Structure formats: C-alpha cells, structure tokens
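> Have a look at the structure that comes next, please.
The values are calculated or read from the model by the stated rules, or taken from the named source; none is laboratory data. Bear in mind the structure is a predicted one, so any value in this text is a computation, not a measurement. No Cβ is skipped: glycine too gets one built from the backbone with ideal geometry, and neighbour counts run over all protein chains shown. Accessible surface areas use protein heavy atoms only, side chains included; no ligands, DNA or RNA. Shrake-Rupley method; radii C 1.70, N 1.55, O 1.52, S 1.80 Å.
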Amino acid sequence: MCRFTADPRKFRVSAYRNRKWYWRGCVVADLYSDSFAAPPYQVTVKAVDGFNLLSSVKYQNLDGSNFTGRKSLWALISSCIDLLELDISVADWMDLYAEGMSLTSSPLAQTYIDMDRLYMVYNEPTYRDVLELCLRPFSGQMFQSNGALHIRRTVSLY
C-alpha cells in the first residue's frame with residue numbers, strides 16, 4: 001500500500017556504510033518512480049538532508065514577529081539545524097579565530113549578529129539566508145558524513 005504526503009519530513013531515511021550510520025535525511029515526496037510491473041519490482045525513492053527546505057521558512061518568531069537582540073552564529077546555525085529535525089550530532093571544525101578570541105571555544109560561539117541589522121539587510125530573511133550569512137565570513141560549509149553534520153572551512157580540504 002502506498003501512502004503519499006506533502007510533508008517533506010514525514011519519512012526519514014538513514015543510510016549505513018559498513019554497518020555504521022553514515023547519513024540521515026527524508027524522502028522527497030514529489031520524486032517517486034514505479035515500474036508498474038508485476039511483483040517483484042523495484043521502487044526508486046530519493047532523499048535529501050532538507051537544507052533546501054530552509055529557503056521556504058521565514059526567519060521569524062512563531063507569532064510572525066522578528067527576532068531581537070544579539071545572537072551568536074552558533075545559536076543561529078543550531079536553530080537552522082533544529083528546524084530540520086535530523087537528530088544528528090554536529091562536529092564544529094572551525095579554526096579561524098579573531099584576535100582576542102578564546103581558542104578553547106568555537107569562533108562561531110564567540111561571534112554575534114545584531115538581529116535588527118539582519119532585518120535591515122534582508123527584508124524577509126529565511127533560515128537558509130541566516131545559515132549562509134553565518135558560514136560566509138569563515139568561507140564555511142556544512143556536510144554530512146559518518147553519522148554527523150560537519151561544519152568546516154572550505155580551505156580545510158587542503
């Protein structure tokens with residue numbers, strides 16, 4: 001029996017590599033193919049981690065008001081990750097520290113954004129806008145691997 005839904009987070013997928021959890025995401029509701037042949041037959045589904053969904057969610061309080069005060073980049077990134085409901089640990093590999101920052105804490109936790117300025121720059125920011133804004137100064141990227149969500153600078157590849 002097939003069940004269809006428009007909820008992009010309804011059906012979770014966990015991929016394993018060598019019996020170890022490697023990646024987690026959700027089935028994409030609008031990408032499904034079936035051969036319509038007699039059983040047994042293959043069904044193909046596609047899954048994504050959901051970061052594309054952040055583009056469709058406005059960065060606002062539940063009552064539609066804007067956030068206020070100052071927030072650390074880490075708090076902003078965490079709110080984006082929490083929205084995806086992936087239930088995945090985060091590995092922070094950021095290693096670019098400003099002068100005067102503590103080396104015992106992530107630079108993401110020590111860098112703050114004034115929410116009023118955020119709404120001045122972005123008329124109606126989405127969670128995706130916020131995530132990109134947080135990673136851009138570090139030339140950072142996020143990816144899933146080995147059962148964790150990793151945050152690192154792109155120059156860390158070298």
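> Helix 73-84 versus the longest principal axis of the chain: what angle, 0 to 90°, nearest 10, using Cα atoms?
Approximately 20 degrees, to the nearest 10.
> Rounded, prolate or oblate for the stretch 33-104? Axes are the square roots of the Cα gyration tensor eigenvalues, ordered a ≥ b ≥ c, and the cut-off for rounded is a/c under 1.5.
Judged from the Cα gyration tensor, the stretch 33-104 comes out oblate (a/c at least 1.5, b/c at or above a/b).
> Using protein chains only and a probe of 1.4 angstrom, how many square angstrom of residue 104 are accessible, to the nearest 10?
The accessible area comes out at roughly 130 Å².
> Looking at the stretch 37-151 only, what percent of DSSP beta bridges run antiparallel? Nearest 5 please.
If I count the DSSP bridges inside the stretch 37-151, around 65 percent turn out antiparallel.
> Pulled fully out, how much extra length does the chain show between residue 21 and residue 89, if you take 0.36 nm times their separation in residues and subtract their Cα-Cα distance?
23.3 nm
> Follow-up question, since we're still on this one. According to a simple spin-label model (label point 7 Å from Cα along Cα-to-Cβ), what is the distance in nm between residue 14 and residue 28?
In this crude spin-label approximation the distance works out to 2.4 nm.
> For a quick check of understanding: with a 1.4 angstrom probe and all protein chains in place, what accessible area in square angstrom does residue 11 have, to the nearest ten?
My reading of the accessible area for residue 11 is about 90 Å².
> Give me a comma-separated list of calculated 3J(HN,Hα) values for the stretch 135-147, in order, Karplus coefficients 6.51, -1.76, 1.60 applied at θ = phi - 60°, integers in Hz, x for any Gly or Pro.
8, 4, x, 9, 6, x, 8, 10, 7, 9, 6, 6, x
> Multiplying the sequence separation of residue 52 and residue 150 by 0.36 nm and subtracting their Cα-Cα distance, what value in nm do you get?
That works out to 33.6 nm of additional length.
> OK, next. Would you kindly state how much longer the chain becomes between residue 141 and residue 99 on full extension, computed as 0.36 nm times their sequence separation minus their alpha carbon distance, in nm to one decimal?
Contour length minus Cα-Cα distance gives 12.9 nm.
> While we're here: Can you give me the distance in nm between label points at residue 75 and residue 41, each placed 7 Å from the Cα along the Cα-to-Cβ direction?
Reported label-point gap for residue 75 and residue 41 is 5.3 nm.
> Short version: ³J(HN,Hα) in whole Hz for each residue of the stretch 104-111, in order, from phi by Karplus 6.51 cos²θ - 1.76 cosθ + 1.60 (θ = phi - 60°), x for Gly and Pro, what are they?
Per residue, the Karplus-derived 3J(HN,Hα) values read 8, 10, 4, x, 5, 7, 9, 10 Hz.
> Could I ask something else about it? Can you tell me how the stretch 77-141 classifies by the Cα gyration tensor, rounded, prolate or oblate, using a/c under 1.5 as the rounded cut?
oblate
> With every protein chain present, what is the per residue accessible area of the stretch 119-158 (1.4 Å probe, Å²)? Intermediate results must be reported in sequence, preceding the final value.
On the way: 2200 Å² over 40 residues.
About 55 Å² of surface per residue is accessible.
> Over the chain, what relative contact order in percent results from Cα pairs under 8 Å that are six or more residues apart?
25 percent
> Quick one: what are the phi-derived ³J(HN,Hα) couplings along the stretch 42-52, Karplus 6.51/-1.76/1.60 with θ = phi - 60°, whole Hz, x for glycine and proline?
9, 10, 10, 10, 10, 10, 9, 6, x, 4, 5
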